[in-house]
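Before any comments, here is the structure.
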Amino acid sequence: MGYCPECGASYEPAVAACPRCRVILNPDPPVESGEPVIVHRVPDAAAGALLCGILENNDIRTVLRTATLPGYGTVRRDWATSAWGEIMVAPDDAAEARAIIADYLQALERGGEVRDEDVEGVEPGTEA
Ligand SMILES: [Zn+2]
C-alpha cells in the first residue's frame, strides 16, 4: 500500500503518487501524531537524498516531497519558491530534524566539503 503524506489516503501498490495532492506516496501510514511539517527546502535531488539520509540515520522518518513527479512528466507544483523539493517530518521530530540539518549545514560551511565518511554510517545516537 502507498499512503499520501498530505491527505492520508491509501492507494494500491501500483499507484506512485496521490492524483489529488500530486505528492509521491509514502510506503508507511501517515504519522498519527499530526501533519508532517516542512523542516527544510532543498535545491535538488542529491541534496534531498543526502539530508534525508542524515535524518534517517538519526531515526527520524522523512518524507521528501518533490516538485517534479514521476508519471506526471515535468509538471511542477506551483510553489512560491524555486526549491526542487522539501523535507517533511513528523511534528514531534521537527525540532530535532531542524537542529540536525542546521548542524550539518554549519559543518559544511566551516569545512568547505563533506567527505562520504561524514555522512555515511552516522551513528544514530547513544540513547535507546
Ligand atoms: Zn493526497
Can you name every residue in the range 1-46 that is within 10 Å of the ligand (Cβ to nearest atom) and in contact (Cβ under 8 Å) with a residue 60 or more places away in the chain?
P5
Top-ranked residue in the range 16-40 [being of a type in the set (D, E, K, R) and at pLDDT 90 or above; ranked as surrounded by the fewest Cβ atoms within 10 Å (Cβ to Cβ)]:
R20
Have a look at E6, E12 and point out the one that is among the acidic types (D, E) and crowded, with 17+ Cβ neighbours inside 10 Å.
E6
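The values are calculated or read from the model by the stated rules, or taken from the named source; none is laboratory data. Remember, it's a predicted structure, so these values are computed and weren't measured experimentally. Cβ sites come from the backbone with ideal geometry, for glycine too, and all protein chains shown count toward neighbours.
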